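To start, the structure itself, in structure tokens.
The values are calculated or read from the model by the stated rules, or taken from the named source; none is laboratory data. As the structure is a prediction and not an experimental result, all values here were calculated from the model. Here Cβ is always computed from backbone atoms with ideal geometry, including for glycine, and neighbour counts include all displayed protein chains. Keep in mind that these areas ignore ligands, DNA and RNA; they rest on the heavy atoms of the full protein, side chains included. Shrake-Rupley method; radii C 1.70, N 1.55, O 1.52, S 1.80 Å.
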Amino acid sequence: MTAKEAYIAAKRRLSDAGNDAAAFDAAALCEKFLGMTRADVLLHPDCPVEAGQAAALLSAADLRANGEPLQYLLGHWPFLDLDLKVGRGVLCPREETELLVRTAAARLPRNARVLDLCAGTGAVGLGLCSLRPDVRVLCGEKEEAALSYLFKNCEAYPDFQVTPLKLDAFLKSDAQRVGALDGFLSNPPYIERAELSHLQAEVRREPRAALDGGEDGLAFYRAIASIWLPHLLPGGFAAVEIGESQGAAVRALFSEAGLQKVEILPDFSNLPRVVCGVKSE
């Protein structure tokens with residue numbers, strides 16, 4: 001099999017399964033399993049491909065066609081200027097989460113001590129460090145599978161002032177252990193439980209614990225407001241990612257927790273994506 005034939009075969013399997021990004025996904029899988037970019041395939045279409053490589057590529061294409069996230073098949077994914085390890089058991093980093101990170105980078109004070117709760121891959125905390133090397137970030141995660149990726153990703157950026165920790169969002173003792181904070185960030189689970197079964201097939205492959213926000217999707221925001229925001233120092237900054245229908249409810253929780261100047265910020269699709277505020281002096 002040649003490189004062109006392998007690429008076309010992978011793309012066809014994806015297209016036949018209804019994949020709207022078949023060309024992109026096939027090219028990404030070729031780079032992973034053949035070591036050839038799309039440009040390489042175009043420039044060297046007759047380059048022979050080893051049988052084992054072709055088999056691995058087409059097996060991955062079948063998995064992708066059946067709903068396996070592309071990120072899991074590749075084993076890594078970009079976020080801002082970072083390259084993060086990712087796989088089964090951890091939420092895939094998403095572009096819309098950049099708003100949370102950029103907002104915090106623009107508003108946190110110098111040398112702030114910040115917590116990224118429900119950290120997953122560490123995308124938020126590490127992304128913040130990439131934009132603001134002066135800040136010190138604690139990345140807290142509860143789930144063991146996600147923790148393994150968090151530790152690996154933090155180790156990959158030794159120049160960042162970031163510390164991975166096992167933290168439970170619902171434990172007051174964990175909040176007390178973390179102590180006073182200048183900043184609090186979180187992209188928590190926020191999907192309503194009844195909606196989980198209606199998500200796209202590839203999203204359903206991601207860990208339920210990273211998606212399930214309780215009956216109304218607000219369980220983690222209530223815990224954040226009651227357990228974690230009290231540890232913000234006066235003038236401290238807090239921001240969370242939200243689902244598009246949750247802005248008003250989360251803004252009310254933040255205001256009741258003593259935050260001022262509470263805002264709802266839209267993402268690049270003009271959907272409500274971040275709620276942020278400042279702890280009263």
Counting only residues 5 or more apart in sequence or on a different chain, those whose built amide H sits under 5 Å from that of Ala112 are Arg136
The number of Lys pairs in the chain whose alpha carbons lie under 16 Å apart, excluding pairs fewer than 8 residues apart on one chain, is 9
Taking every other residue with Cβ under 10 Å from the Cβ of Pro230 and scoring Lys and Arg +1, Asp and Glu -1, one gets +2
Filtering GluC sites (Glu not before Pro) in the stretch 40-133 by DSSP loop and by at most 15 other Cβ atoms within 10 Å leaves Glu50
Taking 133-141, 119-127 and ranking on average Cβ neighbours within 10 Å, highest first, one gets 119-127, 133-141
Filtering chymotrypsin sites (Phe, Trp or Tyr not before Pro) in the stretch 233-281 by DSSP loop and by at most 15 other Cβ atoms within 10 Å leaves Phe268
Rounded to a whole %, the carbon-and-sulfur portion of the accessible area of the stretch 113-268 at a 1.4 Å probe is 52 percent
Packing-ranked peptide list from 272-278, 112-118, highest mean Cβ count within 10 angstrom first, is 112-118, 272-278
In Å², rounded to a whole number, the accessible area per residue of the chain with probe 1.4 Å is 46 Å²
Rounded to 0.05, the calculated FRET efficiency for the beta carbons of Glu155 and Arg193 at R₀ = 25 Å is 0.15
Toy charge model, Lys and Arg Cβ at +1, Asp and Glu Cβ at -1: the stretch 1-92 dipole around Cα centroid in debye, rounded to 20, equals 140 debye
Note, the stretch 209-222: 3J(HN,Hα) by Karplus (6.51, -1.76, 1.60, θ = phi - 60°), whole Hz, Gly/Pro = x, goes 4, 8, 10, 6, x, x, 4, 10, x, 10, 4, 6, 5, 5
Quotient of Cα radius of gyration and Kirkwood radius for the stretch 1-96, i.e. Rg/Rh, equals 0.98
Zone reached by a paramagnetic label modelled 7 Å from Glu5 Cα along Cα→Cβ, restricted to the stretch 35-71 with backbone N below 17 Å, covers 41-42, 44-59
Rounded to the nearest 5, the percent of DSSP beta bridges in the chain running antiparallel is 45 percent
Dipole check, the chain, charges on Cβ (K,R +1; D,E -1), about Cα centroid: among Met36, Leu167, Val274 the Cα furthest to the positive pole belongs to Leu167
CD proxy, 222 nm, the chain: helix-only mean residue ellipticity via -39,500 (n - 2.57) per DSSP H run with n ≥ 4, per residue, nearest 500, stands at -11000 deg cm²/dmol
Quick calc: nm separation of the 7 Å Cα→Cβ label points for Phe268 and Arg208 -> 3.3 nm
Within the stretch 128-281, the percent of DSSP beta bridges that are antiparallel, given to the nearest 5, stands at 50 percent
